[in-house]
Protein chains: 2
Amino acid sequence: MSQCDIRYHGRMARWQPDARGRLEAAALELFRERGFEETTVADIATRAGLDKRTFYRLFGDKREALFSGSGRLEEILVKAVAETDAAPFEAVVAAFRRVAEDLFADRLELVRMRHSIIASSPELQERELRKTGALAAAVTVALRANGLDESTAILATESGATVFRVAYARWIAPDSDATLADLIDEVAAELRTVTSAPRER
Amino acid sequence: MSQCDIRYHGRMARWQPDARGRLEAAALELFRERGFEETTVADIATRAGLDKRTFYRLFGDKREALFSGSGRLEEILVKAVAETDAAPFEAVVAAFRRVAEDLFADRLELVRMRHSIIASSPELQERELRKTGALAAAVTVALRANGLDESTAILATESGATVFRVAYARWIAPDSDATLADLIDEVAAELRTVTSAPRER
DNA sequence: GAGGGTGATGTCACCTTGCGACATGACCGT
DNA sequence: ACGGTCATGTCGCAAGGTGACATCACCCTC
């Protein structure tokens with residue numbers, strides 16, 4: 001209930017259903033049509049039938065319209081870490097695999113599109129990096145709640161995040177056709193090889 | 001020669017020696033005194049005896065005044081990677097150790113101060129993340145120039161960068177007194193342990 | 001040594017971001 | 001019917017960031 005099927009009958013409909021979702025959609029469209037820097041917040045609001053000020057009430061800034069999914073991502077990730085009892089690095093990798101299955105499966109094209117927008121703007125790349133960092137911090141907290149010491153938690157988090165980043169990059173590469181979950185396992189195995197102590201040379 | 005000891009004699013000295021350096025210093029002072037957000041670019045320029053427009057000719061944006069060192073960092077890092085013939089992960093770690101020795105030794109307090117400013121502003125954190133990312137990209141390129149394939153180069157870079165990030169975090173922690181170079185070795189060893197294949201459980 | 005080029009700077013005008021303050025109008029309770 | 005609440009629109013403004021143009025010292029050349 002709350003605010004789903006409310007109708008206004010006055011001459012001016014002040015209230016619009018799902019303002020947030022409509023602004024996100026409008027932003028995505030405009031970023032694709034003209035690019036991120038070339039579209040103003042006023043443009044986005046107008047296309048959504050709303051005011052610039054309303055946009056800023058729902059989003060912290062212009063970039064946030066592209067990052068609404070990160071809350072859900074963190075939620076899944078933290079829960080998966082909390083529920084496991086595997087070794088730390090394995091736990092993180094498994095959590096990311098879970099994310100891959102729950103959030104990314106069958107969405108390659110959408111993810112590619114979003115990625116191409118982000119890749120086109122330094123500002124958006126910075127925001128993406130920050131979201132990733134916040135995610136890592138949340139994972140570290142979850143690991144520590146499992147009883148791990150800070151050092152190990154941070155290292156396992158960073159290593160797991162590295163695996164995910166690399167697997168993600170391969171997944172969205174133009175010629176890729178593997179599953180993100182499979183790529184994660186693949187990269188995790190490679191990481192073990194790369195970091196294993198070098199033999200005498 | 002070029003522009004070092006030029007003097008103006010006209011009634012208004014239009015040209016100021018080392019405008020860039022003076023702007024950086026002014027920015028650092030003001031960020032410390034009032035914080036990043038509370039400082040305007042006009043403030044910085046005024047303290048340096050220059051104009052806002054001049055600031056924007058020398059720096060891409062307000063944050064850049066804090067990141068002038070990253071060029072030198074990348075230079076050292078890439079050179080160190082190019083000159084080694086060690087295994088990829090070891091090469092990257094060694095390169096970061098070189099950076100620790102050449103650029104960070106005996107500068108703990110300066111680095112801590114800079115870090116506390118950055119930590120106080122999300123905008124600055126984003127920029128720092130982007131700088132780190134750009135650094136990683138440069139390292140990957142350098143590794144590939146050594147004949148490595150893309151996958152291995154990326155993984156080694158990311159792993160090495162993880163080691164550096166964690167070591168750096170420990171180094172600037174309030175109670176730390178180890179050398180950054182030593183911490184890098186310490187963390188590299190831990191990473192090998194954390195990612196090593198789990199025994200049967 | 002006068003004149004023109006060059007390069008760093010100042011000045012001005014402008015757009016956009018992002019936010020505070022206030023008004024409005026629809027919904028909801030009693 | 002009345003007041004409260006909440007989402008929204010309107011207005012104004014500080015600050016970030018940029019283009020266009022003027023200015024002035026320096027340098028080179030004739």
Before we move on, is B:LEU135 under 11 Å from the mean Cα position of the chain (by Cα), over 21 Å from B:THR39 (Cβ atoms) and open to solvent by less than 60 Å² (accessible area, probe 1.4 Å)?
-> yes
Of all the residues that make up the range A:10-38, how many are open to solvent by 100 Å² or more (accessible area, probe 1.4 Å), at pLDDT 95 or above and not basic (Lys, Arg)?
-> 3
Filter result (within 11 Å of DNA strand C (Cβ to nearest atom), away from every other protein chain (no Cβ under 14 Å) and assigned to a loop (DSSP other than H, G, I, E, B)) within the range A:25-48 = A:PHE36, A:GLU38, A:THR39, A:THR40
Take the residues in the range B:109-123 that are of a type outside the set (A, V, I, L, M, F, W, C) and open to solvent by 50 Å² or more (accessible area, probe 1.4 Å), then tell me which one is nearest to the other protein chains (Cβ to nearest Cβ).
-> B:PRO122
Being more than 19 Å from the chain's Cα centre (by Cα), in the same structural domain as A:ASP106 (by TED's automatic domain parsing) and either touching a residue at least 40 places away in the same chain (Cβ under 8 Å) or crowded, with 16+ Cβ neighbours inside 10 Å (or both), is that true of even one residue in the range A:155-171?
-> yes
If you go through B:THR162, B:THR193, B:THR152, the only one that is in contact with an Asp or Glu (Cβ under 6 Å, 6 or more places away or on another chain) and of a type outside the set (A, V, I, L, M) is B:THR162
Quick check, is A:PHE89 in contact with a Ser or Thr (Cβ under 7 Å, 6 or more places away or on another chain) and among the aromatic types (Phe, Trp, Tyr)?
-> yes
Per the list (1) surrounded by fewer than 19 Cβ atoms within 10 Å (Cβ to Cβ); (2) free of Cβ contacts under 8 Å to residues at least 60 places away in the same chain; (3) within 12 Å of another protein chain (Cβ to nearest Cβ), residue check on A:GLU126 breaks on (1)
Selected residue (only one of A:ASP106, A:ASP51, A:ASP85, A:ASP102 is over 16 Å from the mean Cα position of the chain (by Cα), open to solvent by 70 Å² or more (accessible area, probe 1.4 Å) and away from DNA strand C (no atom under 13 Å from the Cβ)) = A:ASP85
Given B:ARG72, B:ARG22, which one is among the charged types (D, E, K, R) and either within 13 Å of DNA strand C (Cβ to nearest atom) or not in a helix (DSSP H, G or I) (or both)?
-> B:ARG22
So which of B:ASP185, B:ASP175, B:ASP102 is in a loop (DSSP other than H, G, I, E, B) and more than 9 Å from chain A (Cβ to nearest Cβ)?
-> B:ASP175
Here are some conditions: (1) at pLDDT 95 or above; (2) open to solvent by 70 Å² or more (accessible area, probe 1.4 Å); (3) more than 8 Å from chain B (Cβ to nearest Cβ); (4) within 20 Å of the chain's Cα centre (by Cα). A:ARG144 meets all but one. Which one does it not meet?
-> (4)
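The values are calculated or read from the model by the stated rules, or taken from the named source; none is laboratory data. Keep in mind it's a predicted model, so treat the numbers as computed, not measured. Don't worry about glycine lacking a Cβ; one is built from the backbone with ideal geometry, like all the others, and counts go over all protein chains shown. Side chains are part of the model used for accessible areas, which takes the heavy atoms of the whole protein and leaves out ligands, DNA and RNA. Shrake-Rupley method; radii C 1.70, N 1.55, O 1.52, S 1.80 Å.
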